[in-house]
Amino acid sequence: MPLGWTSVMRSDLLLAGSPPLEILRKTQAVSYSEVAAVTVLTWDIIVTLSEEIELIWQKQWSPAKIMYVISRYLPWAFQMALLAINVNGSTGLHFSISECKTWMAVQAVILQLIVTSVDVILIMRVYALFNKNKRLLSVLSALFVAELTLLSYILAVVTPKLTFSDTCFVTSSPPFFVAYWVVSLVFETILFVLTLYKFGYAVQQGWGRRPVMKEFVADGTWAYTLIFVSMFINSMLYKFVHSPLAGICFTWLLSVLSFAGSRIILNPRRRTNARSSHSGPSIQLISIPLSPLSPNPLITPTSARSFPGLPSPARSNRERYTVNFTQYSSPTQDTRSGCGIAI
């Protein structure tokens, strides 16, 4: 029964004479959807566990590792808690109105933590892609704070206006709740557009076709697409469906956030580890040509003799230097934990 999302039905619908059996069937359908969503997420956690132990848990703590743990396991724990109190469409428990409001407030905080962790991961990726451009980071930080403030405000406004049944199911939610999804989608679209812009620039400059760049953009594209589609479907359901089925996709959104947030950290580390094991150090894993979009990045001269296959330093100013992103790593961070522009 998440924040009006497992069982969202309006009091006027019940008063209009909807058969109780029909309502029960719809809540059961939502419950079955919850089971399916958490099953898929559990399977994904299991199949990536060995790589996670090697590439995440055996590394020292860092902001990326913290965001990974939150985005990976908080949605799973959240769904397991929901299943524990919502079996087969009925909790079997009874709560006071104050207890229901407290429970919904807790769920709102958890949801915000999950969304925030994924947004931070996406910001870190764009920041790395633009060679740690401080101006861009300042702008993105300001937008992120604005987004976080708006989302918190929306949840603060929506949660007290929810009405409940005696089993703590939400019976109505204000239309303003749709704004929550819109704000999230706008911010993530901005990050995705910045990624595409940088990729287009890289292609024009001749280094956008390198595998490290293609893989970086590909990860960002599918992650953005999954999150966008999931949030859009949820926003449409909450706006136009006035029955328990309005919340049928909410737990799938939690699974998508967990899958996307963790994979866009894990995938580059897996590729880097595989390449290092099979072909030795590769320039594509630690460097890309200097981007003029970044102010005063760390640069090192590159010799064509040191890295066969790279253009001669004398051929052009653009090709004369490479940005060594391992120099940006913290002293305790294993440089094999991510490719050149990965977090």
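The values are calculated or read from the model by the stated rules, or taken from the named source; none is laboratory data. Since we're looking at a predicted model, the values are computed, not measured. In this analysis, Cβ positions are derived from the backbone assuming ideal geometry, glycine residues included, and neighbour counts consider all displayed protein chains.
Here are the numbers for this structure:
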| quantity | calculated |
| --- | --- |
| Sole residue being closer than 30 Å to T27 by Cα and aromatic (F, W, Y), chosen from F199, F250, F216 | F250 |
| Region 233-277 - residue that is over 27 Å from F177 (Cα atoms) and aliphatic (A, V, I, L, M) and, of those, surrounded by the fewest Cβ atoms within 10 Å (Cβ to Cβ) | A274 |
| Restricting region 31-41 to residues that are surrounded by 14 or more Cβ atoms within 10 Å (Cβ to Cβ) and either part of a loop (DSSP other than H, G, I, E, B) or among the hydroxyl-bearing types (S, T, Y) (or both), the residue that is modelled with the lowest pLDDT | S31 |
| Qualifying residue in region 217-230 (condition: within 18 Å of Q107 (Cβ to Cβ) and in contact with a helix residue (DSSP H, G or I) (Cβ under 8 Å, 6 or more places away or on another chain)) | yes |
